[in-house]
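Engineer: Structure below; questions to follow.
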Amino acid sequence: MEHQGMAMEGRPPGRSPSVLLVDDDAACLDEMSLLARRCGLEVFSAEEGATALKLLCQHRPMLAVIDIRLPAIDGGRLAVLASGLQPLLLVVLVSGDRELLSQVPTSEPCIVARLTKPLDIARLEVIFRAAGGTVDAAGLAAP
């Protein structure tokens, strides 16, 4: 299938910016989904890696927020696979385990931020607004 008419970000022209949310914690997934929609993003969500990869290929979001601890495949590995499928994808990793989060190699260029749970909603909102183009992308940089 050709991708003629695709915007440079990898989505069809005129389509809302989108985010892929991946977390096996339904309450966290719901909270992130609500916030992303309020920030003007189209939301695709998955509770595990295989579904996330399918959604990534179908919808080509520009941002993915991925929990580290997922069934079957860890979030760090999922981030690497996802960026291999979509090289311009930006990834935010989240986890309730700060030590586990710090073990993901910093050499992965797709990983633009790491957030610990409970999530800093204000920081996540800045990230979502940056993805939606309503704030400067400097909001994606780690503090």
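The values are calculated or read from the model by the stated rules, or taken from the named source; none is laboratory data. This structure is a prediction, so every number in the text was calculated from the model and none was measured. Using ideal geometry, Cβ is built from the backbone for each residue, glycine included, and neighbour counts are taken over all protein chains shown.
Engineer: Residue 110 fails exactly one of the following numbered conditions: (1) surrounded by 15 or more Cβ atoms within 10 Å (Cβ to Cβ); (2) under 21 Å from residue 133 (Cβ atoms); (3) in contact with a Gly (Cβ under 7 Å, 6 or more places away or on another chain); (4) at pLDDT below 95. What is the number of that condition?
Structural biologist: Going through the list (1) surrounded by 15 or more Cβ atoms within 10 Å (Cβ to Cβ); (2) under 21 Å from residue 133 (Cβ atoms); (3) in contact with a Gly (Cβ under 7 Å, 6 or more places away or on another chain); (4) at pLDDT below 95, residue 110 breaks only (3).
Engineer: A follow-up question, please. Exactly one condition in (1) without any contact (Cβ under 8 Å) to a residue 40 or more places away in the chain; (2) out of contact with any Lys or Arg (no Cβ under 7 Å at 6 or more places or on another chain) is false for residue 70; which is it?
Structural biologist: Residue 70 satisfies all of (1) without any contact (Cβ under 8 Å) to a residue 40 or more places away in the chain; (2) out of contact with any Lys or Arg (no Cβ under 7 Å at 6 or more places or on another chain) except (1).
Engineer: Related question: Looking at 72, 46, which one is on the phi < 0 side of the Ramachandran plot and either touching a helix residue (DSSP H, G or I) at 6+ places or on another chain (Cβ under 9 Å) or surrounded by fewer than 15 Cβ atoms within 10 Å (Cβ to Cβ) (or both)?
Structural biologist: Details: 72 fails: on the phi < 0 side of the Ramachandran plot.
One residue alone meets the criteria, 46.
Engineer: Could you check the stretch 47-77 and list, in sequence order, the residues that are under 11 Å from the mean Cα position of the chain (by Cα) and not in a loop (DSSP other than H, G, I, E, B)?
Structural biologist: If the condition is that a residue be under 11 Å from the mean Cα position of the chain (by Cα) and not in a loop (DSSP other than H, G, I, E, B), then 52, 56, 63, 64, 65, 66, 67, 75 are the ones that fit.
Engineer: Let me ask something else. When the stretch 82-98 is examined, which residues are found to be surrounded by 15 or more Cβ atoms within 10 Å (Cβ to Cβ) and either in contact with a His (Cβ under 6 Å, 6 or more places away or on another chain) or hydrophobic (A, V, I, L, M, F, W, C) (or both)?
Structural biologist: Of the residues in the stretch 82-98, the ones surrounded by 15 or more Cβ atoms within 10 Å (Cβ to Cβ) are 82-83, 86, 89-96.
Those that are surrounded by 15 or more Cβ atoms within 10 Å (Cβ to Cβ) and either in contact with a His (Cβ under 6 Å, 6 or more places away or on another chain) or hydrophobic (A, V, I, L, M, F, W, C) (or both): 82, 89, 90, 91, 92, 93, 94.
Engineer: Please go through the stretch 78-123 and pick out each residue that is of a type in the set (Val, Ile, Thr) and either assigned to a loop (DSSP other than H, G, I, E, B) or touching a strand residue (DSSP E or B) at 6+ places or on another chain (Cβ under 8 Å) (or both). Walk me through it before giving the result.
Structural biologist: First, the residues of the stretch 78-123 that are of a type in the set (Val, Ile, Thr): 80, 91-92, 94, 104, 106, 111-112, 116, 121.
Across the stretch 78-123, the qualifying residues are 91, 92, 94, 104, 106, 111, 112, 116.
Engineer: Just one of the numbered conditions (1) over 14 Å from the mean Cα position of the chain (by Cα); (2) over 19 Å from residue 16 (Cα atoms); (3) of a type in the set (D, E, K, R) is not true of residue 38; which one?
Structural biologist: (2)
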